[in-house]
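The values are calculated or read from the model by the stated rules, or taken from the named source; none is laboratory data. Just so it is clear, the model here is predicted, and its values are computed rather than measured. In this analysis, Cβ positions are derived from the backbone assuming ideal geometry, glycine residues included, and neighbour counts consider all displayed protein chains. With ligands, DNA and RNA removed, areas are computed over all heavy atoms of the protein, side chains included. Shrake-Rupley method; radii C 1.70, N 1.55, O 1.52, S 1.80 Å.
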Amino acid sequence: MGGARPPFRPHTLLRAQRSPTGVKVTVLVGSKSDLEIAEKVRTRLTEFHVPCDVHVASAHRNPDKVDRLVRDPDTDVFVAMAGLSAALPGVVAARTLKPVIGVPLQRGLGLDSLLSVVQMPPGIPVAAVGLDAAENAALLATAILALKFPELTKALESYRAKWREEPTATPGSPS
Ligand code: RP5
């Protein structure tokens with residue numbers, strides 16, 4: 001009875017079970033100069049087979065584009081990253097009830113973007129991770145999606161198990 005189960009392909013599953021709001025992580029960055037860190041988020045999510053789009057859309061320079069992207073019905077979790085005054089995560093959060101993970105980027109003082117992302121006024125939460133913390137942003141997005149897709153919990157368990165096996169490995173690169 002029952003041969004070996006086919007390998008789990010969350011990407012296929014997520015698409016197949018697409019809810020009315022869809023399943024996808026959308027990453028917004030404030031500038032092309034932020035793309036390198038955004039790609040680290042995409043890389044980690046892709047390893048977990050989680051669909052991810054990346055867009056350059058500044059809260060200050062392209063507010064209409066930000067508005068359009070935030071209305072995407074297929075996105076479940078937003079990751080917004082920016083440096084300097086870093087308004088982007090808060091602006092995204094102001095426009096959606098979906099979870100928004102904010103990544104402050106080390107561009108100027110560091111403290112500028114960090115406080116902009118962390119110090120949201122009551123009522124408009126942003127889940128802030130550390131400066132340039134692409135890896136944690138991807139893991140947190142996955143943990144949120146795992147509430148709906150338990151298979152992703154298994155992916156997160158495997159990820160952490162690798163740290164236990166190789167505690168001296170470079171953070172962000174368990175393979
Ligand atoms: C922020 O200003 C961007 O997110 C970027 O981190 C920083 C610098 O932007 P560029 O001058 O490189 O476009 O809005």
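Mind giving me the nanometre distance, one decimal, between the label points for THR168 and HIS60, set 7 Å out from Cα along Cα→Cβ?
Rounded to a tenth, the inter-label distance reads 4.5 nm.
If you average 1/r across every pair of different Cα atoms in region 77-175 and take the reciprocal, what Kirkwood value do you get, in Å? It would help to have the intermediate numbers written out before the result.
Details: mean 1/r = 0.0695 Å⁻¹.
For region 77-175, the Kirkwood estimate is 14.4 Å.
Could you tell me what fraction of 2.2 N^0.38 Å the Cα radius of gyration of region 22-141 comes to, as a two-decimal ratio? Kindly include the intermediate steps, with their values, before the conclusion.
Values: Rg = 12.5 Å, N = 120, 2.2 N^0.38 = 13.6 Å.
Normalised by 2.2 N^0.38 Å, the Cα Rg of region 22-141 equals 0.92.
So which lysines can LYS65 reach, going by Cα to Cα under 20 Å and dropping same-chain residues fewer than 8 places off?
Partners within reach: LYS24, LYS32, LYS98.
Under 17 Å between alpha carbons, and skipping anything fewer than 8 positions from LYS162 in its own chain: which lysines qualify?
Partners found: LYS154.
At THR96 and LYS32, where each label point lies 7 Å from the Cα along Cα→Cβ, what is the point-to-point distance in nanometres?
Here the answer is 2.5 nm between the modelled labels.
If the chain between GLU47 and GLN106 were fully stretched, how many nm would it gain, using 0.36 nm times the residue separation less the Cα-Cα distance?
Details: separation 59, 0.36 × 59 = 21.24 nm, distance 2.53 nm.
Going from the current span to full extension adds 18.7 nm.
Given a 1.4 angstrom probe, I'd like the percentage of the accessible area of region 21-137 that is carbon and sulfur, rounded to a whole number. Working shown, then result.
Numbers: 2960 of 5300 Å².
Whole-percent figure for carbon plus sulfur exposure: 56.
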